[in-house]
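Below is one structure, written out as structure tokens; the observations come after it.
The values are calculated or read from the model by the stated rules, or taken from the named source; none is laboratory data. Note that the structure is a prediction, hence the values are computed from the model and not measured. All Cβ positions, glycine included, derive from the backbone under ideal geometry; neighbour counts span all protein chains shown.
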């Protein structure tokens, strides 16, 4: 019927599939990159899981947090809905998995489906609320919602084994922490793929459009109501599944540790990682999951010890206090620095390196001038009210 | 309230108690929330910001007052009024500092970003409080030691009664501040039309600093009084006890109406205490929170401006 | 059968009757103009037609079907393409992404297969990109393909927005002030473009426009709104001389519109200042404008005073014919016959 239609039928290669990605294919250029990839693979796939100091369990935590980070990023980063109640979806997933496995004898694999469904259901309810209540009020409502879950549902007798905690035993083949880490990593890979597909398809574009301007989105033919709900459901599913992983990671689900602090940690790690940046969110989540371990068990411990010694003037009480609150202090400082100074977050700082590893030329400019670097980077600071 | 209770005929006691105890405890607890809510409403009214650090500013001030009272840290053992003054100054100073370091650089950022930043301030204050005081509860400054009212089933401490009075006075004062003083109207003007306000010669920066200073003071008053009613203070204590109910109180009352914080606080306190007395824990654990959540949801869905707020 | 038919449309906002008894009809392959003074209800009419507002009474029919109640996204999928008065696009996304977003309803795959990444999805995505590129070529905007939309000039934005409306694969195109922010040359060019688009895409259009020469040149039929009511309708040449229209509309506003083409330096300065003030409002890091208003010279002052009194005056005053020198007939008038 029209020129545009005809041109659309032409081979894609002619239609702007010109080499804009700037990928450089040449065997020699790939040598340093392959070395870097090899080193990363060695550290993350062999060195950490086989570590005998408990690093594998922490790495599993990092994967779980990273899945939550991706889930939260779908809501905050892509859709512009601030959720302070993600500990609710996460916790209900954990309880659902543990309860269905231990009390109802549901097969192990199926517990993940149940956790995802329950997380999705609760998120759907929040999504329906979000259709009417927006911005800061929504943030408040999600916060109160999660708090209510924590104090009521997470205390219900049949679900929580009369308050003693619901056990969730891993099957034989997952008892080894290294195996469990690989298991969590597989889930993380799927979550990353889903997030990638989301942004590469019409759904992601619809979410970005409705985040910025609902009227424009509607004029483009996007069903704003439906896609908001889709975002909530997708996010809730991922959070629920992550909760199930947590249940098997710790083996006993209790309400403590699923509270307001966790909700703040989730938002914190996502913002520090860099809203809208997949890589950043994964890195930020991993960092927050492993920070206390890193400060306790690695070379960072001696650095921390040195600084604490300086700051405490030799007082033992002050030293203990400083050590106890160091993680919280670093996290909060990271958040404030991210928001006020580096809105692109960790993702921004690592982006150039990451892109180089996968074949693009090293872009110093992107490192120095975060605001110039694509739409994702700018989104870092712009959670919409 | 107390007069009613004291003159109540003896034979009505069982029925009256069932009703009066939750009302009185709800009133005091609600005033606690309302006091904190007042600062939240001030900041929302002036800059459309939910300040997650508000309760922690109070905790920090109460911690400093307790330091001064007990002569810990850098302080000599000081009399109670001086300790309280130090606590109040801490609150004002924190308010000003937060405004300068976090809020002002984010003037043009989306409001939700600013709110996440205040959550960062909250966590930072918890950590700093922890550095200074450690996780152990510290006994709080007590303004009065006595009991205002004591019967067999009901005890109202002087501090509890003081909270109610202070909240009522502050709510009225701050409402007058916004409607009657030039500074108050300037704050409203800045929140609604920053550019135009600048053009008529009002400094947006100074107004913002002033607002946060006052909010810090309100936070400190709330913090010192609340920790007085609880008896102890530790990093994160007030955030843990009162932040979310205070938010709920502010929103229920109408987040742009200062007396709304008073009304909202009392409503929240009463809802919680009635639900907790009347719904047993094994039927519905955390019934206070559930009922509160439902109430908040209902108000936001049906009357988004809150009970006393104006529809805009 | 007409493409779009509006019957007895009325909508009220509180005490303001924004539209009353509006009837209009757009036939296949027509370009219909909707004109009227500021606040006459033109954009409100657009919002009712495209489903953003629900009218209190009246109906909107699309090719014989009653679509009054259909929500905007359904209407967009049905074939209503629209632009906004103040540029409706996803500002943080690139030009190409905007054009792909606009093809949402025609993406041809569902959410789930998008998430899984089926071969159908990747094929359709390639086709969407190709079509977006074709639109960029058509509008000569290939150079901003991968640039974020937010930083572009207003004229470019307006053009790209037209492209986005085209990308929704519209049957009828509703354009809200397509030439706002454009200079006279660009406006002329846009007129050519609209005529070309109609020819090549067999489009029907409803256009809100203030730029009189453009209206006279491209429109087949013109509706004039004033205070929410239809004041007159007819061929542009008839409307142009219609006494009531001349009184109510051309008398107050059109000479302004014509004079835009000979904008004085003070006007430009004033525009720059207000623009800067608006930017400052959104982003305080941009300096507020220096408020040293240049003393307007004689004629400009008189003209502004007249405009101000027209704006502030009562309805009767606005309807009263103004004594003015007869307008020169624009040279472009004859061209609308060729369309």
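Checked against the criterion of being buried (at least 21 other Cβ atoms within 10 Å of the Cβ), in contact (Cβ under 8 Å) with a residue 40 or more places away in the chain and facing chain A (nearest Cβ under 10 Å), the stretch C:119-133 contains not a single residue that satisfies it.
What do you reckon, is residue B:63 at the interface with chain A (Cβ under 8 Å from one of its Cβ atoms) and either closer than 26 Å to residue A:267 by Cα or touching a helix residue (DSSP H, G or I) at 6+ places or on another chain (Cβ under 7 Å) (or both)? Answer is no for this residue. Of all the listed residues (A:226, A:217), the sole one being surrounded by fewer than 24 Cβ atoms within 10 Å (Cβ to Cβ), within 14 Å of chain C (Cβ to nearest Cβ) and more than 12 Å from residue A:71 (Cα to Cα) is A:226. A single entry from C:99, C:120, C:136 fulfils the requirement of being more than 16 Å from residue C:165 (Cβ to Cβ) and assigned to a helix (DSSP H, G or I): C:120.
On the stretch given as the stretch A:205-214, residues that are free of Cβ contacts under 8 Å to residues at least 60 places away in the same chain and either more than 7 Å from chain C (Cβ to nearest Cβ) or not in a helix (DSSP H, G or I) (or both) total 2.
The residue of the stretch C:158-175 that is farthest from the other protein chains (Cβ to nearest Cβ), among those that are touching a strand residue (DSSP E or B) at 6+ places or on another chain (Cβ under 6 Å) and in a loop (DSSP other than H, G, I, E, B), is C:170.
If I ask for residues that are touching a helix residue (DSSP H, G or I) at 6+ places or on another chain (Cβ under 6 Å) and either at pLDDT below 75 or over 30 Å from residue A:83 (Cβ atoms) (or both), which ones from the stretch A:275-300 would you list? Selection gives A:300 alone. For the stretch A:165-175, taking the residues that are out of contact with any helix residue (DSSP H, G or I) (no Cβ under 6 Å at 6 or more places or on another chain) and touching a residue at least 24 places away in the same chain (Cβ under 8 Å), the one that is surrounded by the fewest Cβ atoms within 10 Å (Cβ to Cβ) is identified as A:169.
From the set of residues in the stretch A:142-166 that are at pLDDT below 85 and not in a helix (DSSP H, G or I), which is nearest to the other protein chains (Cβ to nearest Cβ)? Only one residue fits best here, namely A:152. The residues of the stretch B:48-59 that are over 14 Å from residue B:98 (Cα atoms) and crowded, with 24+ Cβ neighbours inside 10 Å amount to a single one, B:59.
Of all the residues in the stretch C:24-51, those that are over 18 Å from residue C:2 (Cα atoms) and not in a helix (DSSP H, G or I) number 8. Taking the criterion of being under 13 Å from the mean Cα position of the chain (by Cα) and surrounded by fewer than 23 Cβ atoms within 10 Å (Cβ to Cβ), the only residue of the stretch C:195-213 that qualifies is C:210. Just a yes or no: is a residue in the stretch B:128-139 facing chain A (nearest Cβ under 7 Å), touching a residue at least 60 places away in the same chain (Cβ under 8 Å) and crowded, with 20+ Cβ neighbours inside 10 Å? Yes, the stretch B:128-139 has at least one match.
Filtering the stretch C:134-146 to residues that are more than 9 Å from every other protein chain (Cβ to nearest Cβ) and in contact (Cβ under 8 Å) with a residue 12 or more places away in the chain leaves C:139, C:141, C:144. If you take the residues of the stretch A:186-198 that are more than 10 Å from chain C (Cβ to nearest Cβ) and buried (at least 18 other Cβ atoms within 10 Å of the Cβ), which of them is farthest from the chain's Cα centre (by Cα)? Step by step, filter the stretch A:186-198, then rank; the result is A:187. Of the residues making up the stretch B:200-210, not a single one is closer than 30 Å to residue A:343 by Cβ, within 14 Å of chain A (Cβ to nearest Cβ) and assigned to a helix (DSSP H, G or I).
Within the stretch A:124-137, the set of residues being more than 9 Å from chain B (Cβ to nearest Cβ) and assigned to a helix (DSSP H, G or I) comprises A:124, A:125, A:126, A:127, A:128, A:130, A:131. Evaluated against (1) under 25 Å from residue A:185 (Cβ atoms); (2) in a helix (DSSP H, G or I), residue A:52 falls short on exactly one condition, (2).
Residues are listed down the side, and each one gets a yes or a no for (1) in a loop (DSSP other than H, G, I, E, B); (2) at pLDDT 80 or above:
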| site | (1), (2) |
| --- | --- |
| B:248 | no, yes |
| B:280 | yes, no |
| B:285 | yes, no |
| B:288 | no, no |
| B:294 | no, yes |
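Residues considered: B:239, B:277, B:248. Of these, the only one that is surrounded by fewer than 24 Cβ atoms within 10 Å (Cβ to Cβ) and in contact (Cβ under 8 Å) with a residue 40 or more places away in the chain is B:277.
For residue B:214, the requirement of being surrounded by fewer than 24 Cβ atoms within 10 Å (Cβ to Cβ), within 14 Å of chain C (Cβ to nearest Cβ) and either at pLDDT 85 or above or not in a helix (DSSP H, G or I) (or both) is not met.
Just one residue in the set C:41, C:51, C:33 is away from every other protein chain (no Cβ under 14 Å), closer than 30 Å to residue C:155 by Cβ and in contact with a helix residue (DSSP H, G or I) (Cβ under 8 Å, 6 or more places away or on another chain); that residue is C:33. Residue C:155 meets each of the listed conditions (1) part of a helix (DSSP H, G or I); (2) under 29 Å from residue A:233 (Cβ atoms); (3) within 20 Å of the chain's Cα centre (by Cα) apart from (2). Residues of the stretch B:82-106 that are free of Cβ contacts under 8 Å to residues at least 40 places away in the same chain, more than 8 Å from chain A (Cβ to nearest Cβ) and either touching a helix residue (DSSP H, G or I) at 6+ places or on another chain (Cβ under 7 Å) or not in a helix (DSSP H, G or I) (or both): B:82, B:86. Counting only residues that are surrounded by fewer than 18 Cβ atoms within 10 Å (Cβ to Cβ), in contact with a strand residue (DSSP E or B) (Cβ under 7 Å, 6 or more places away or on another chain) and in a strand (DSSP E or B), the stretch C:1-16 holds 4 of them.
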